[in-house]
1. Take the alpha-carbon centre of the stretch A:111-139, take the same for the stretch A:1-73, and report the distance between them in whole Å.
2. Before we go on, tell me the buried accessible area for the B/A pair, both chains summed, 1.4 Å probe, in Å² to the nearest 100.
3. If R₀ is 25 angstrom, what is the calculated FRET efficiency for the pair A:ASN144 and A:SER11, using the beta carbon separation as r and rounding to 0.05?
4. Sorted by mean Cβ packing within 10 Å, highest first, what order do the peptides B:163-175, A:11-23 take?
5. If amide hydrogens are placed 1.01 Å from N in the peptide plane, which non-local residues have theirs closer than 5 Å to the one on B:VAL252?
6. Between B:LEU35 and B:GLU6, what is 0.36 nm times their sequence separation minus the Cα-Cα distance? Round to one decimal in nm.
7. Comparing the chain by itself with all protein chains present, which residues of the stretch A:19-62 are at least 40 Å² less accessible (probe 1.4 Å)?
Amino acid sequence: MSETLNQELASHVSRMYRVALRIVGSVDAAQEVAQDACVKALRRAETFDGRAALVTWLHRITVNCAHDHLRKDRRADRGRTDWDSGAMGMLAMLEAGPAERAERNETYRLALTLVAKLPDDCRSAFMLTQLDGYTYDEAAAIENLSRGTVASRVYRARQILMEQMNDHLAGEVP
Amino acid sequence: MSISEEQEILLSQLIDGELPVDQANQVLADVFDELADVLGNAEAGGKLNAMLQLQRALKPWRRQEPPKGIVAPPPAKNLPSPDQPSVGARRGAGGEGVSHSNWRLLNLATAALLGGILVAGGFFLGGRFGIERPAVPMARQPIVIVTPEQRQEIARAFTLHESVAGPLSWYAADDSTIQVAPAQEGETLRQPIAVILRLTQDLSGPSRDATLPKTYVIVCRNSDAATIELPQSAVAKTVRLRLLPTAINGEVNLEYAIAADGSDRGPDGAALAGRRAVGLSQTSLGQLALADRLVNVDASAWVIRDQRKP
């Protein structure tokens, strides 16, 4: 199982890294978290019973590792906020990540900033599918929702974001 | 407004669903931009265009990748098996491999896999040595000084392997293979000491060896002799090391014996033994006189002080 899992892991690493990055907020920490998550997945290969989709299982391990990291690293935690804490977290992530090159891209910054302000349910579905790179089916498995619900939430998130972006770009929101 | 052949090819691929999603969205957005110029935005077209713009805006995030390789398919040769003990399995005085539980084997396999992964992903430092060199080269070859970053990476790699395989007596890696020796139950583990062993071609020899230079990263324990059989290479069919590092006032006194047994160029072997005070700069341990070439052996060594926060 571990060998198969190891091969499977290779195709999931990028998403695991992005999930970690948006939770812990720095490239180095995300790298560590993704690495830890891979190690844990390999060590727990025997406990994977196959009933849960592999993608769901790995996502859960990654999220848990990221939260463990935040708990352990109080000092970093004090200086940084995560997605749930609002727009500043987005900007911190932008500054910390390889996306620094895109820092001047106002649309990108604005979009990420506004994602943080989405309603919880929409935001989660939107981030899973549009940022982490999960398919609707995978996001549905992770969130324990139907595919239709995910589709609906992603659509609603887009609607909200487009309206807000238009408002910002039109100068209606300071 | 006519479109170029390149755009037409893209449209053709779009119809077939053959474009990656980001490129497909870009093509659609371009089409809508043109339509907007000519026809103005119909409602559905305008909304779709806005969605495409939003999707495109978030593309940089979706393209984020780990800066270093994290995981890859395992190199099969690193997998230890009960029938064929790993080269790195700890051997007793009689040369017999130590038996392990299945879980131990799984851990070892995982450690070996991770080792290979780290090596493949650029974690291994062999190719990066030589960055920090003195301005004046020494007579034989430039001195290589191990940088703090390299020391940190080695400490992290060792810690990672210990986190997977449990306490290790030693760990050895080259650019393609990782070996680990788990500590025996009850064994007292002293401070880890890292040794960089570097084999280079002596250019005064009659022939050239394309496989050199070769770098090995070894972590063993203070005042604890490690006997390591390095994997077969073009340098020699086998290279056996016995290292006994002793940390004295922050420096490492390295007792060593190196034996190389023949190669595909000839049956001759060579051996080298001695004791040196070794630090972060490259120190010569001597030369191995193989069949048709001389191989310089150099080492750097230091005490790994804090594995958790290297």
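The values are calculated or read from the model by the stated rules, or taken from the named source; none is laboratory data. What you see is a predicted model, and the numbers here were worked out from it, not measured in a lab. Ideal geometry is used to build each Cβ from the backbone, glycine not excepted, and the neighbour counts take in all protein chains shown. All accessible areas refer to the heavy atoms of the entire protein, side chains included, with ligands and DNA or RNA removed. Shrake-Rupley method; radii C 1.70, N 1.55, O 1.52, S 1.80 Å.
1. Here the answer is 19 Å between Cα centres.
2. Working: alone 16820 and 9830 Å², together 23310 Å².
So the buried area, both faces added, is about 3300 Å².
3. Details: r = 23 Å, r/R0 = 0.91.
E between A:ASN144 and A:SER11, to the nearest 0.05, is 0.65.
4. Values: B:163-175: 21.2, A:11-23: 23.3.
Per-residue mean Cβ counts within 10 Å order the peptides as A:11-23, B:163-175.
5. Hits under the 5 Å cutoff: B:VAL278.
6. Length gained, B:LEU35 through B:GLU6: 8.6 nm.
7. The answer is A:GLN31, A:GLN35, A:VAL39, A:LEU42, A:ARG43 - residues whose exposure falls by at least 40 Å² when every protein chain is included.
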